[in-house]
Amino acid sequence: MRLGIIGLPNSGKTTIFNALTGSGYPTEAFSSGQLEVHTAVVPVPDAWIDRLSAIFKPKKTTYATVTYTDIGGLDKGIGEGLSGPMRNELQQVDGFLHVVRAFANDEVPHPQDSIDPVRDLDVIDGEFLLLDLIAVENRLERLAEERKKGKGANQQQITQETALMERLHAHLENEQPLRDLDLTEDEIKQMRGYGFLTLKPVLVIFNTGDGSPDPVANLNYKHKHALVVSLQGQLEAEIAQLDDPDDVQMFLSEYNIEKPSRERALQLSYNLLGIQSFFTYGEDEVRAWPIRKGATAVEAAGTIHTDLARGFIRAEVVAYQDFEQFGSVTEAKAKGKVRLEGRDYIVQNGDMMVIRFNV
Ligand SMILES: Nc1nc2c(ncn2[C@@H]2O[C@H](COP(=O)(O)OP(=O)(O)OP(=O)(O)O)[C@@H](O)[C@H]2O)c(=O)[nH]1
Ligand SMILES: [Mg+2]
């Protein structure tokens, strides 16, 4: 799963990228305006995996990961439409981290010359709405042409897709992002090929400075598949550069911070994607596996290996909380907390699973 970091020039995208990924890409007070892309894969912090690892002492501990891509240079593309490579980058990610400047810094020019996070949030949101609207209009024109050509077999499909596109059109004209719509699995599948930008989930990150007001407090941003947080980007990026946990502790107490917001932002961005983790455990490896919410036991098996799905017999499942309460799988079993589940069982976040299979 991949999240793209977007935002106005100089909002602190690269700074936030560095904070989340521990990278050290240079941040500059003057935006080059060029398409510039950095990517990093980051393990998702997970206290349950930490605990399982401490108990099983496996040779290897594997966290779920999210890939972050810092997409710089959006300003040049917007307005006259996007360049091909930029469009590609935006369409290919599974969701967005939208960085909005809330910090004051006279040395860093703002493209609109004043600090106004709510306005800025609306600028990019508005551009994305417009881009989707144009895409829908283009598709509607094409559909109308196809209908005129009138190849009989397709007519029904054309009518159906036209109805869907008209619904999207009305919604976008109302300035509502597509992620707010209630869509069926079928409709989502039909729309997948278009890479609609406002359909993708979004985590809005207000990049606040030391002492700058927190815009979240009086923000009205009620959308589905959208979350909002504030992060002191520059400070968090500096913390992410420290290797020694003692240094981190010193740094935190100096700035009166309880714990880095980085972890919370990573977890939020993982949840945002509609995924959760199930665990496998043992002497060799303790591992978190990302899986979509609502997935079944046989899908979970297939995530681990196709053979496990093909030869699936049963899943032996214990919820992490039960394991924790009873201290071991054996104890949990004695208390009847280890269940044998079939292929259609809906996997729950934190399920510890052993797949029984036969190939
Ligand atoms: N005071 C302060 N300055 C910041 C903060 N975050 C970023 N900056 C500064 O703002 C400037 C731009 O930051 P970048 O992270 O490069 O911003 P960007 O959005 O990646 O910029 P482009 O990719 O060029 O559009 C740099 O000089 C940063 O040091 C912050 O939280 N506080
Ligand atoms: Mg940048």
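The values are calculated or read from the model by the stated rules, or taken from the named source; none is laboratory data. This structure is a prediction, so every number in the text was calculated from the model and none was measured. So basically every Cβ, Gly included, is an ideal-geometry build from the backbone, and we count neighbours across all protein chains shown. We work out accessible area using only protein heavy atoms, side chains counted, and drop any ligands, DNA or RNA first. Shrake-Rupley method; radii C 1.70, N 1.55, O 1.52, S 1.80 Å.
Multiplying the residue separation of Glu146 and Gln249 by 0.36 nm and removing their Cα-Cα distance gives an extension gain of 30.7 nm. With the cut-off at 1.5 for a/c, could you classify the stretch 173-281 from its C-alpha gyration tensor as rounded, prolate or oblate? Here the stretch 173-281 falls in the oblate category. Listed by chain and number, the aspartates and glutamates whose alpha-carbon sits under 14 Å from that of Lys60, ignoring those within fewer than 8 places in the same chain, are Asp50, Glu283, Asp284, Glu285.
Overall shape: oblate for the stretch 55-138, with the ratio a/c of the largest to smallest alpha carbon gyration tensor axis at 1.5 or above and b/c at least equal to a/b. At a probe radius of 1.4 angstrom, the accessible area of the chain per residue rounds to 53 square angstrom.
For the chain, the share of accessible area belonging to carbon and sulfur comes to 47 percent (1.4 Å probe, ligands and nucleic acids excluded).
For the stretch 267-359, the C-alpha radius of gyration sits at 1.06 times the compact-globule guess of 2.2 N^0.38 Å, with N the residue count. With a Förster radius of 45 Å applied to the C-beta separation of Asn358 and Leu242, the computed FRET efficiency comes to 0.35. Length gained on full extension, Glu175 to Ile304, computed as 0.36 nm times the residue gap minus the Cα-Cα distance: 42.3 nm.
Taking all protein chains together and rolling a 1.4 Å probe, Ser212 ends up with roughly 30 Å² accessible. Can you tell me what percent of all Cα-Cα pairs in the stretch 11-156 are more than 20 Å apart? Result: 64 percent of Cα pairs exceed 20 Å.
Taking a straight line from the alpha carbon of Lys335, these aspartates and glutamates sit under 14 Å away, with near neighbours fewer than eight places off in the same chain left out: Asp322, Glu324. For the pair Gln157/Lys189, report the inter-label distance in nm, with labels modelled 7 Å from Cα in the Cβ direction. In this crude label model, Gln157 to Lys189 measures out at 1.3 nm. In a simple Cβ point-charge model (Lys, Arg +1; Asp, Glu -1; nothing else charged), the chain has a dipole of about 1880 debye relative to its Cα centre. For the stretch 228-295, the Cβ-based charge dipole about the Cα centre amounts to some 700 debye (Lys, Arg positive; Asp, Glu negative; other atoms uncharged).
Largest first, the residues Leu8, Leu130 sort by 1.4 Å accessible area into Leu130, Leu8.
So which of Lys222/Lys259; Lys59/Lys189; Lys148/Lys189 end up more than 29 Å apart by C-alpha? Pairs exceeding the cut-off: Lys59/Lys189. Of Lys259, Lys13, Lys149, the residue with the largest accessible area leads and the full order is Lys149, Lys259, Lys13 (1.4 Å probe).
With all protein chains in place and ligands, DNA and RNA left out, the 1.4 Å accessible area ranks Thr62, Thr69 as Thr62, Thr69, largest first. Here, the stretch 142-191 has an Rg and a Dmax of 12.5, 36 Å when only alpha carbons are counted. Length available on full extension from Arg264 to Leu340: 0.36 nm per residue minus the Cα-Cα distance, which gives 24.0 nm. Hydrodynamic radius of the chain by the Kirkwood approach over all distinct alpha-carbon pairs: 22.9 Å. The sum of -39500 (n - 2.57) across all DSSP H runs of n ≥ 4, divided by the residue count of the chain, sets its helix-only mean residue ellipticity at 222 nm to -12000 deg cm²/dmol.
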